Structures are given as structure tokens and as C-alpha cells.
Amino acid sequence: MNPRRWLSVVVIGFFAFLPGFVLGQTPSEQLYTGIFTGTNSTGIIASWTLNTDGTMKGRWVTNRDSVSLEVNGKYRKDGKQIVFLVDGVVKLATGETIVLKITGSGEISHVAGHGAYTQFSDDERISNDVGTWNVVSGFATSDSLSLQKPPSSPRPSEESVARKAAVQEIRNAFLPGVSASMINPFAPGINYVGGNIHYAFVQGISSSSSSSNFGGYYEWYSDIGYFKELRSTLNDDIFFTFALGVNLSFEKFLHTYRDILVPYFGAKMGGIYFNKISGGLYLEPTLGMVLVQTKSFNVNYDFGLFLNTVSLSNYIGLQHSVVVNFNL
């Protein structure tokens, strides 16, 4: 077989397992077998396993020389629609490696799937290629390359695969929001209530692929606040604040994440202006809890130590806030 053609076959086969992504030491959700057909090469998908964490692994066999290749990849699934992208490495018999990329899309269910792919590489020994892939639920042996009935074992539903693959990260940006707050200075007999316009530039929860990668809750925001002492007259004892802040979670979510009751820490810093005295700076280290985080909204509770440069002895205290942001 021509080396250039053989390498193309290897590359195309590499795509075949793709509709899911990588390293797969997690429980498998589906078993698929099938074929891939490209302009320059064809082959049989001997196995294709979709994992619950959005990864996959598989093995393919060429239709000529029975050359097998183990494949790892990633996929994202929405209903029956599936898309995939891979940075692949082809290992030659000499030990040399060639880097390639494969992208594709299509439809897949617990019964069967089909779609198209594109393969390309900067290495001149591998020709670019396009083709189609088709799979069915089942199991194939590398010896006979014939489809057989899959081993009987309980498997989660297609909806479970789609949901788990799609929610590895919630990432929102430019979210308007509001918060209600109460400040309790340590000085007796004083309580301030107020509200903030809370604008989150970036906010979300993510999983981490390894112990060295960041995963968890994160937020970068700004807010503008208005506060009034409860016992004073309507136009008396008022102050305004404006600040930038950052929140990060205590936890690292490895291969998954939690979207309720996530503790975090943070800090915000900005300016403050009192109607009775003057203006200055204020700083507030905070501790908080993500009560619920979705793609549409989130609700947080936090409390912090309220510090300022204007009159620290009179206005140092604890601030409690409930924050709601909306993804419009």
C-alpha cells in the first residue's frame, strides 16, 4: 500500500471515533461500530465508546491491511446533533509521529448515527480528505470485522449522555443584576440597608481536566451601591459606593462540577462617598455561597468585612448581600 495513501487511511480512521473526546477511564454510555468512507481511504470502526464525561475512545481497522489504531477524542452533543474536533497524532512503524486535525458533525442516537468529516494536516505526507461516517449500536471483532449483538449490560439513556456531555461548563458574560444588602457597623445602634447594581463581566462554573487545571466557580464584576441608615431622616446619613470585585470557589471540580451550594471567597475595592462627611476608598474581603447557578441566572449570598478610609472607627462592620444576575 502506498505510504502516502496508508497515512491518509490512518488519519481518516482517526476521525471515526471522534464524536466524543479523550482519555476514557470513565464509565461508557454507548458502544458503536460502523464504517468511514473518505475520498482517499476507507475503514471499519471496530469500536467507538462514548463516555459520560464528554470523552470517547475507540479502535478502527483499515479495510486492506487490518492496521488498527487506538483513538481518543472529545465530543459535544445536543439532542441527536453531535460535533467533534480532534488534534491527533499518527504513529508510524518507525516511531515517528505526524500531527493532524479532524473536524466533523452529524446525528447520533442509541441506535445509529451518520455524518461528515474533514481531515487536514500540515505534513505533506498526509493528504487532506473529506468523507462520511456511519455507525450502529453493536460490537465488532477485529478478526471477522462483522457486526454482532452488543453484550447485554444496563446503559444510561441517550438523554443522560447528552446532558452530561453538554454541562461540563457554564460560562456567561456581561450579565446585569441587582443585590440587596445590609451593613451592620460594630458601633451599636447603627444599621444601613441598601442595594447595588451588580454587573458581572464574566461568570460561570467549570470542570477541570486534571488536578493542575482550574475548575470551579469564578466571577469578575462591578457594582454601584446606595445605602441609608434605618433610623435617620429621609435625606440624612446616606452614602454611595462603586467597586470592582473578583470571586473564586474553594473547590476544584475534576471531570464534573456542582451548580448549587458552592462556597467561594473574594474581594472588592472601590470608592465611597458620605453625604455628611467626605469621600474615600473602601475595601471588602468576602466569603460567599453560590445558591444556584444556571445558564439563565444565578443567585449568590455573601458577607464581607466593610472597611473604609473615611471613618473606619464608626463605619467598620459586616455587610450581608443577596445577589441575582440574569443572562438576557
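The values are calculated or read from the model by the stated rules, or taken from the named source; none is laboratory data. Note that the structure is predicted; figures quoted are calculated from it, not measured. Note: ideal-geometry Cβ built from the backbone for every residue, glycine included; neighbour counts use all protein chains shown.
Details
- Considering region 220-238, the residues that are of a type in the set (A, V, I, L, M, F, W, C) and in a loop (DSSP other than H, G, I, E, B) include one that is nearest to Asn184 (Cα to Cα), namely Leu230.
- Residue check, Ile102 in contact with a Phe, Trp or Tyr (Cβ under 7 Å, 6 or more places away or on another chain) and modelled with pLDDT of 65 or more: yes
- Contact map, region 280-307: residues that are surrounded by fewer than 16 Cβ atoms within 10 Å (Cβ to Cβ) and modelled with pLDDT of 90 or more paired with residues that are of a type in the set (Lys, Arg) and not in a strand (DSSP E or B), Cβ distance under 7 Å, separation 6+ or inter-chain. No pairs are found.
- Region 97-121, residues that are in contact with a strand residue (DSSP E or B) (Cβ under 7 Å, 6 or more places away or on another chain) and not in a strand (DSSP E or B): His110, Val111, Ser121
- Boolean, Gly225 is buried (at least 18 other Cβ atoms within 10 Å of the Cβ), closer than 26 Å to Pro263 by Cβ and modelled with pLDDT under 90: no
- Qualifying residue in region 195-216 (condition: surrounded by 16 or more Cβ atoms within 10 Å (Cβ to Cβ), in contact with a helix residue (DSSP H, G or I) (Cβ under 9 Å, 6 or more places away or on another chain) and modelled with pLDDT of 90 or more): no
- Selection over region 54-78 of residues that are among the charged types (D, E, K, R) and either at pLDDT below 70 or more than 19 Å from Ile44 (Cβ to Cβ) (or both) gives a count of 6.
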